[in-house]
Amino acid sequence: MSKVIGFNNAIFWTDDSGILYCEFSSSSNLKLETQNIELYINAIKTLCDGKPMPFLIDLKDIRGTFSVAATNLITNNPEIVKLRITESYLVNTLRTKLWLACYKRLYDRITPFATFNDINSAERYCLEAKNRFYKSA
């Protein structure tokens, strides 16, 4: 059973796999500000329903910016930190991969993450991380 929450420039959903998916619209130049991030945090909390999950974030063909305040909010929100097992990113450009490596180095050195070109590999990574997390819990 899938649960979905959508916005103008992003969609979040979960299904029976226990992965939280996030896909941003590639149709426009994305600019994420604090008010957007607060909506996304509420969506994540609703979809996770208190259960930690791996996050699979699709950044293919994305162009845009994050404000520093928005970046700190999504990275350091205590409720999100408790729900995030790992992050798996779908990327298709070197520019995005480099941006992501820089972002993770500056803002979030704690959450394990990996980048992938295809969704099947990203989902496998998420499921393996979830299985390790719940086996050790």
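As a test question: what accessible area, to the nearest 10 Å², does R84 have when a 1.4 Å probe is rolled over all protein chains in place?
Roll a 1.4 Å probe over it and R84 shows about 30 Å².
I'd like the Karplus ³J(HN,Hα) series for the stretch 110-118: coefficients 6.51, -1.76, 1.60, θ = phi - 60°, whole numbers in Hz, and an x wherever there's a Gly or Pro.
For the stretch 110-118, the Karplus curve yields 8, 5, x, 8, 8, 10, 9, 9, 9 Hz.
Kindly sort S88, S25 by accessible area of their heavy atoms, largest first, with the probe set to 1.4 Å.
S25, S88
With every protein chain left in place and a probe of 1.4 Å, what is the accessible surface of R132, to the nearest 10 Å²?
140 Å²
Lysine pairs in the chain 8 or more apart or on different chains: how many have alpha carbons under 17 angstrom apart?
Going through the chain pair by pair, I get 10.
Return a whole-number percent for the relative contact order of the chain, with Cα pairs under 8 Å and 6 or more residues apart as the contact set.
Contact order relative to length: 23 percent.
How much accessible surface area, in Å² rounded to 10, belongs to the heavy atoms of K45 with a 1.4 Å probe?
We get 60 Å² for K45.
Using bins 10 angstrom wide from zero, how does P(r) for the stretch 4-136 break down, in % of all Cα pairs?
12, 46, 38, 4, 0
What percent antiparallel are the DSSP beta bridges of the stretch 4-136, to the nearest 5?
Among the beta bridges of the stretch 4-136, antiparallel pairing accounts for roughly 35 percent.
Compare V91, V68, V81 in a GNM of the chain, Cα atoms joined below 10 Å, and give the one with the largest fluctuation.
V68
Would you calculate a helix-derived [θ] at 222 nm for the chain, using -39,500 (n - 2.57) for each DSSP H run of n ≥ 4 and dividing by the full residue count, to the nearest 500?
Calculated mean residue ellipticity at 222 nm is -14000 deg cm²/dmol.
Heavy atoms only, probe 1.4 angstrom, no DNA, RNA or ligands counted: give me K51, K135 ranked by accessible area, highest first.
Heavy-atom accessible area, descending, gives K135, K51.
Scanning the chain for helices, which whole DSSP H stretches are 27 Å or more long along the axis (Cα) and average 0.5 or more by Kyte-Doolittle?
none
Quick check: residue separation of N120 and S67 times 0.36 nm, minus the Cα distance between them. What number comes out in nm?
16.0 nm
The values are calculated or read from the model by the stated rules, or taken from the named source; none is laboratory data. From a predicted model like this one, the values you see are computed outputs, not experimental measurements. Calculation scope for accessible area: heavy atoms of the full protein, side chains included, ligands and nucleic acids excluded. Shrake-Rupley method; radii C 1.70, N 1.55, O 1.52, S 1.80 Å.
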